[in-house]
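Q: What follows is a structure written as structure tokens; I'll ask about it next.
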Amino acid sequence: MPAPVDVSAVIKQSFPQLVERASADHPAFSAPAGDVPAVLAFLRDSHGYDLLTDLTAIDNGEDATPRFTVVYHVFSTTAHTYLRLTADCSDDRKPSIASVTSLWPGADWHEREVFDMFGITFDGHPDMRRILMWEGYPYHPLRKEFPLAGIETPLPDIEVSEETGTKVLPAPMAGGPFVTSSGEINMAKAEPRAKDESWNEKKEKPL
């Protein structure tokens, strides 16, 4: 049986610009933002890191330079090992980094969540829009300046409309927003429910 490959040594040899980071669990490296797709493709195609398990970000604080760091965790399903890669966004006002959806289609929703929560744009993403908050929401809730108690913001309701040609239609509300009545004793009735539950109605079976 061949000896296991020392991926840390191999990656440093192939990408000398990477910086190895102290880590208590997995091999960890920092890469220039522009090198992230090439490094991850190398890990996937040459060393079996075929699963992107997580993609998130860190807000290092308004006074930090750089402020935003994107974090990738990849896993080898054959060697059963993880590796962490981080990359700093150079522009704190409009942070961005290349999308890795071409390597892992599953990165799509991860990157949309990071965009939604931190305001980091992923260049080349096929559908760069919010995934948790609604379009037009003015904040990014995981940034350090966002208060733990939140910020009171008007929530789009059934009155919100979207224009389709010359006809104005109500925006679809299935799945939310959720409403409940205060002072209910019967918790089953007090449980929040979507205003539009037509999707959940029982349909008559065709004869």
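Every number here is computed from the coordinates shown, using simple stated rules; none is lab data. Here the structure is a predicted model, which means the values were calculated and not measured. Counting neighbours? That spans all protein chains shown, and the Cβs are built from the backbone with ideal geometry, glycine included.
Q: Throw me the Rg/Rh for segment 18-60, computed over C-alpha atoms with Kirkwood Rh, two decimals.
A: Rg divided by Rh gives 0.96.
Q: What does the charge dipole of segment 20-106 about its Cα centre add up to, to the nearest 20 debye, if the Cβ of each Lys and Arg holds +1 and the Cβ of each Asp and Glu holds -1?
A: For segment 20-106, the charge dipole is close to 160 debye.
Q: Determine, for HIS26, HIS110, the number of other Cβ atoms within 10 Å of each Cβ, and report the residues in order from fewest to most.
A: The most exposed by this proxy come first: HIS26, HIS110.
Q: Need one word for segment 3-126: rounded, prolate or oblate. Basis is the Cα gyration tensor (sqrt eigenvalues a ≥ b ≥ c); a/c below 1.5 gives rounded, then a/b vs b/c decides.
A: It comes out prolate by the Cα gyration axes.
Q: On to the next question. From the square roots a ≥ b ≥ c of the eigenvalues of the alpha-carbon gyration tensor of segment 62-102, which class results: rounded (a/c under 1.5), prolate (a/b over b/c), or oblate?
A: It is oblate, given that a/c is not under 1.5 and a/b is not larger than b/c.
Q: A further question follows. Give a quick list of trypsin sites (Lys or Arg not before Pro) in segment 58-140 that DSSP marks as loop, anything other than H, G, I, E or B, with at most 16 other Cβ atoms within 10 Å.
A: ARG93, ARG129, ARG130
Q: Which one of GLN17, PHE146, TRP104 has its Cα pushed farthest toward the positive end of the charge dipole of segment 7-148, where Lys and Arg give +1 and Asp and Glu give -1 at the Cβ?
A: GLN17
Q: Any chance you could run the full-extension gain for THR81 through ARG130? It's 0.36 nm times the residue separation minus the Cα-Cα distance, nm to one decimal.
A: 14.5 nm
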